[in-house]
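Here's the structure, in structure tokens; my notes come after.
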Amino acid sequence: MPMLIRPEILAALRIKNSALYEHLAAGLLPPLVKLGSRRVALPESEVEAILIARVAGQTDDEIKALVKRLVVDRSVRLAAIQPSAAAA
């Protein structure tokens, strides 16, 4: 899964760092993924989905609903690759 690090996210969305955190707090972006102690990223597909929604003219409420779906999808993908607790 290709990931975009913070500078790439900012460039793709054409926003500043402070706006990134405002978008995160408002639920307009999914939670960042920690890649290390000082590096965060988002899956490229999630950033692309949000950009497509913006271009399509979706409202902030529609974007928030999309973000919720993206977070659920991320959880489902994670669950699919994690070993089951029952297998232990």
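Only the coordinates and a few stated rules stand behind these numbers; no lab work does. These numbers were taken from a predicted model, which means no experiment stands behind them. Here Cβ is always computed from backbone atoms with ideal geometry, including for glycine, and neighbour counts include all displayed protein chains.
A few points about this structure:
- Each residue of segment 56-69 was assigned a 3J(HN,Hα) from its phi angle through the Karplus expression (A = 6.51, B = -1.76, C = 1.60, θ = phi - 60°), giving 6, x, 5, 6, 4, 5, 5, 5, 4, 5, 4, 4, 4, 5 Hz with x at Gly and Pro.
- Highest-first arrangement of 19-32, 49-62, where packing means the average Cβ count within 10 Å: 19-32, 49-62
- Relative contact order computed over the chain (Cα-Cα under 8 Å; 6+ residues apart), in percent: 31
- Normalised by 2.2 N^0.38 Å, where N is the number of residues, the alpha-carbon radius of gyration of segment 1-55 equals 1.04.
- Projecting the Cα atoms of A25, I9, P83 onto the dipole axis of the chain, where Lys and Arg carry +1 and Asp and Glu carry -1 at the beta carbon, places P83 farthest toward the positive end.
- Around the amide H of M3, modelled in the peptide plane, lie the amide H atoms of E44, all under 5 Å away and 5 or more residues distant in sequence or on another chain.
- Between V71 and V33, the modelled label-to-label distance comes to 1.7 nm, taking each label 7 Å out from Cα in the direction of the beta carbon.
- Between the amide H of V40 and those of R6, L35, distances stay under 5 Å, these residues lying 5 or more places away or on another chain, with hydrogens modeled in the peptide plane.
- Projected label distance in nm at T59 and L78, using a 7 Å step from Cα toward the beta-carbon: 3.0
- Residue-averaged 222 nm ellipticity for the chain, from DSSP H runs of 4+ at -39500 (n - 2.57), nearest 500: -18500 deg cm²/dmol
- Between helix 17-26 and the chain there is an angle of about 70 degrees, using the helix long axis and the longest principal axis of the Cα atoms.
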